Amino acid sequence: MSNKNKIRILPLGGLGEIGKNMTVIEVGEDLAIVDAGVMFPEDDMPGVDLVIPDITYLIENANRVKGIFLTHGHEDHIGGVPYVLRQLNVPVYGTKLTLGLLRVKLIEHGLERSTELREVKAGERLQVGNIDVEFIHVNHSIADVVAMAFHTSLGAIVYCSDFKFDQTPYDGKVADLHTFASLGKKGVLCLLSDSTNAERPGYTASERSVGETFRSLFSKAEGRILVATFASNVHRVQQIFDAAAREGRKVSVTGRSMIRVVEVASELGYLNIPEGILVDLDKMDKLPREQSVIITTGSQGEPMAALSRMAMAEHNRISIAPGDTVIISASPIPGNEKAVGRIINQLFKEGANVVYEPHLGIHTSGHAQQEELKLLMNLCKPRYFIPIHGEHRMLLKHAELAEATGVAKENIVIGEIGLPVEFTSEGVHVRERVVSGQVFVDGLGVGDVGNIVLRDRRQLSTDGIMIVVVTMSKQEGKVVAGPDVVSRGFVYVRESEGLMDEARQKAKEALDACIAQNNVEWGSLKSAVRDSLNRFLWEKTKRRPMILPIIMEI
Ligand SMILES: [Zn+2]
Ligand SMILES: [Zn+2]
């Protein structure tokens, strides 16, 4: 019998980490994927471009998957969709802007034609098999964001990923508090909610307050104004256009993602660019500096982004001049502080007036702080609570808030990627772990780079490589030529000829010893060379280059 009462929540990403959000909601036999994000690689993942969730479980249950349901258009929620679709062709549900941003990705991946995109609106409720889902409008740092309520026989599961409650949002669309309240009245089984800012007391400031700061900064600025912000923050970008228009300045947009978002958002009606204000970057230099504004990417100190290239005087069209004002309208994502600091220093050196301090009101977070998180709990009154979207300590802080609002301690589940949380009329159980984790994307390869490749890359990047080449006659079991040694990234060879000679000698001795014992298996010859050189080089240099023996057979 298909048991519609069997309800499970399975996190596949976004727990114990910030990024690659993905949660599976299972109602009986049917399965909904909520979000499919990417994460940017950590410092110890050299060469990796992106990290996506391991979806083995979804592939194994492919016939049960009803679709991908997207909360909003940020990379940590939609960036992994093309990779999922390559293996699992299911419909994708999302709001207009979310799907608009996704479409650009699908075109890049050649998946646009084969993918079924189904637009949904906040307030709508739809049923796909056992999945009965309602979309609820919330505020965030991008437009058109929804939370979801999955209606089940045991009550609603409210999935409220990235959100804030902005009482004066730029587009006038306040989060739908009424729906949360009425869900709470009917009975919410479980609330899953955004833990990003669970450590921060109070409320997040309204997006509108940033617009006010822009107005006052723009009215005082004398030279050119540059504003760096997140491309996807459509309302932020709009407020920059508004402030520029007030001062009669023209605006240019630079940075690949910024140009793309401005295109998509204005096409879909989320961005309203005043007539004649937008000018090509090429024409910017012909305008007086006091009449120009540039909106750019690079607020996170990304070395290849437009702002960084301008600061380093490497941008081919835009340079910084004394008297320019640069506004960094973002706060650095943890880990990026150093890179951002470097750019700010450089901009000051070029003579710019850099406005970057958080207390100046040039940025506000898109994530709810403690009072808003508690408000959501009080509206929903959930029986169970699972903090999501955060590192472990944030999840714990969020759990404390839940307890403070009256959720029973034993009903709070600190989840883990791969552990299904199952609800029955009797209670909640954490079930057996399913295959899960992370998959690396490097260039065109998805999943081919694993921990072994990464270990090699780390070794190569710290101590270099030594290659030992020897030519042997298999029949006679003897060395015909070599061994020769070549190294890269290990020592400066010209000044280490003695060491290289000795290494060659050590390799030869190791080979000779094997041959003398009649041990001429290629495998054992190679490991003898490797062991001997490892020991020798460590003694001599306290370095451990990768040693790669190559035997050529004649
Ligand atoms: Zn987001
Ligand atoms: Zn997010």
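Numbers below:
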| quantity | calculated |
| --- | --- |
| Test: residue in the stretch 234-252 that is buried (at least 19 other Cβ atoms within 10 Å of the Cβ), under 24 Å from Pro358 (Cα atoms) and of a type in the set (Phe, Trp, Tyr) | yes |
| In the stretch 446-461, the residues that are farther than 13 Å from Ile547 by Cβ and either surrounded by 14 or more Cβ atoms within 10 Å (Cβ to Cβ) or in contact (Cβ under 8 Å) with a residue 12 or more places away in the chain (or both) | Val446, Val449, Val453, Leu454, Arg457, Arg458, Ser461 |
| Extreme residue, farthest from the chain's Cα centre (by Cα), among residues of the stretch 269-298 that are touching a residue at least 60 places away in the same chain (Cβ under 8 Å) and assigned to a loop (DSSP other than H, G, I, E, B) | Tyr270 |
| Residue in the stretch 334-347 that is within 30 Å of Glu391 (Cα to Cα), in contact with a Lys or Arg (Cβ under 9 Å, 6 or more places away or on another chain) and modelled with pLDDT of 90 or more present | no |
| Matching strands (runs of 3 or more DSSP E) fully within the stretch 341-454 where at least 1 residues are within 16 Å of ligand 1 (Cβ to nearest atom) | 384-388 |
| Lone unmet requirement of (1) touching a Lys or Arg at 6+ places or on another chain (Cβ under 9 Å); (2) in a helix (DSSP H, G or I) for Ser266 | (1) |
| From Phe180, Phe163, residue being surrounded by 24 or more Cβ atoms within 10 Å (Cβ to Cβ) and within 16 Å of ligand 1 (Cβ to nearest atom) | Phe163 |
| Subset of the stretch 508-523 that is part of a helix (DSSP H, G or I) and charged (D, E, K, R) - its residue that is nearest to Leu548 (Cα to Cα) | Lys508 |
| Selection count where residues are among the charged types (D, E, K, R) and touching an Asp or Glu at 6+ places or on another chain (Cβ under 6 Å), scope the stretch 495-554 | 2 |
| Number of positions in the stretch 493-504 that are without any contact (Cβ under 8 Å) to a residue 40 or more places away in the chain and surrounded by 13 or more Cβ atoms within 10 Å (Cβ to Cβ) | 6 |
| Strands (runs of 3 or more DSSP E) lying entirely in the stretch 124-182 (those with 3 or more residues that are touching a residue at least 40 places away in the same chain (Cβ under 8 Å)) | 131-138, 145-152, 155-160 |
| From the options His109, His151, residue that is in contact with a Pro (Cβ under 6 Å, 6 or more places away or on another chain) and more than 20 Å from Asp194 (Cβ to Cβ) | His109 |
| Residue in the stretch 421-431 that is closer than 30 Å to Ile515 by Cα and β-branched (Val, Ile, Thr) present | no |
| Test: residue in the stretch 350-363 that is within 28 Å of Met39 (Cβ to Cβ), surrounded by fewer than 20 Cβ atoms within 10 Å (Cβ to Cβ) and of a type outside the set (Val, Ile, Thr) | yes |
| Any hit, the stretch 184-192, residues being within 16 Å of ligand 2 (Cβ to nearest atom) and not in a helix (DSSP H, G or I) | yes |
| Selection from the stretch 43-79 of residues that are away from ligand 1 (no atom under 14 Å from the Cβ), in a loop (DSSP other than H, G, I, E, B) and small (Gly, Ala, Ser) | Gly47 |
| Residue within the stretch 6-23 that is more than 22 Å from the chain's Cα centre (by Cα), away from ligand 2 (no atom under 14 Å from the Cβ) and surrounded by fewer than 21 Cβ atoms within 10 Å (Cβ to Cβ) present | yes |
| One residue from Leu70, Leu99, Leu50, Leu85 being modelled with pLDDT of 95 or more and either within 16 Å of ligand 2 (Cβ to nearest atom) or buried (at least 24 other Cβ atoms within 10 Å of the Cβ) (or both) | Leu70 |
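The values are calculated or read from the model by the stated rules, or taken from the named source; none is laboratory data. Just so we're clear, the structure is a prediction, and the values are computed from it rather than from any experiment. A quick note on method: Cβ atoms are made from the backbone with ideal geometry, for glycine too, and the neighbour counts reach across all protein chains shown.
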